[in-house]
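The values are calculated or read from the model by the stated rules, or taken from the named source; none is laboratory data. No experiment lies behind these values; they were computed from the predicted model shown. Heads up, the Cβs are rebuilt from the backbone with ideal geometry, glycines too, and the neighbour counts pull from every protein chain shown. Heads up: the accessible areas ignore ligands, DNA and RNA and are worked out on the full protein's heavy atoms, side chains in. Shrake-Rupley method; radii C 1.70, N 1.55, O 1.52, S 1.80 Å.
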Amino acid sequence: MRVYISGMSCQHCKIAVEKAFLAINGVESVNVNLEGAYADVILNSKVEDKKFSDALLDTAYEVVKIEK
């Protein structure tokens, strides 16, 4: 799945988003693309879309759209 994210601009942003998403139960791997402003996420079990928005609640980033 691909999660589009606003607010990312640097390597620190990339690491913060990857760490937040990897903390979600069911996420196997995350690869953030800063230029495209998205994260490719591989799941090993079903995860509700809301979990991704919730994972970024206390950050400067926001989920814009999720493509499955």
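What the table shows:
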{"read-out": "Single condition residue 26 does not satisfy, out of (1) on the phi < 0 side of the Ramachandran plot; (2) touching a helix residue (DSSP H, G or I) at 6+ places or on another chain (Cβ under 9 Å)", "value": "(1)"}
{"read-out": "Count of residues meeting criterion [assigned to a helix (DSSP H, G or I) and either under 9 Å from residue 3 (Cβ atoms) or β-branched (Val, Ile, Thr) (or both)] in the stretch 35-52", "value": "2"}
{"read-out": "Enumeration of residues in the stretch 32-50 that are open to solvent by 30 Å² or more (accessible area, probe 1.4 Å), in contact with a helix residue (DSSP H, G or I) (Cβ under 9 Å, 6 or more places away or on another chain) and either among the hydrophobic types (A, V, I, L, M, F, W, C) or in contact (Cβ under 8 Å) with a residue 12 or more places away in the chain (or both)", "value": "34"}
{"read-out": "Residues satisfying the stated conditions in the stretch 30-68, i.e. hydrophobic (A, V, I, L, M, F, W, C) and touching a Phe, Trp or Tyr at 6+ places or on another chain (Cβ under 8 Å)", "value": "30, 32, 37, 39, 41, 52, 55, 63, 64, 66"}
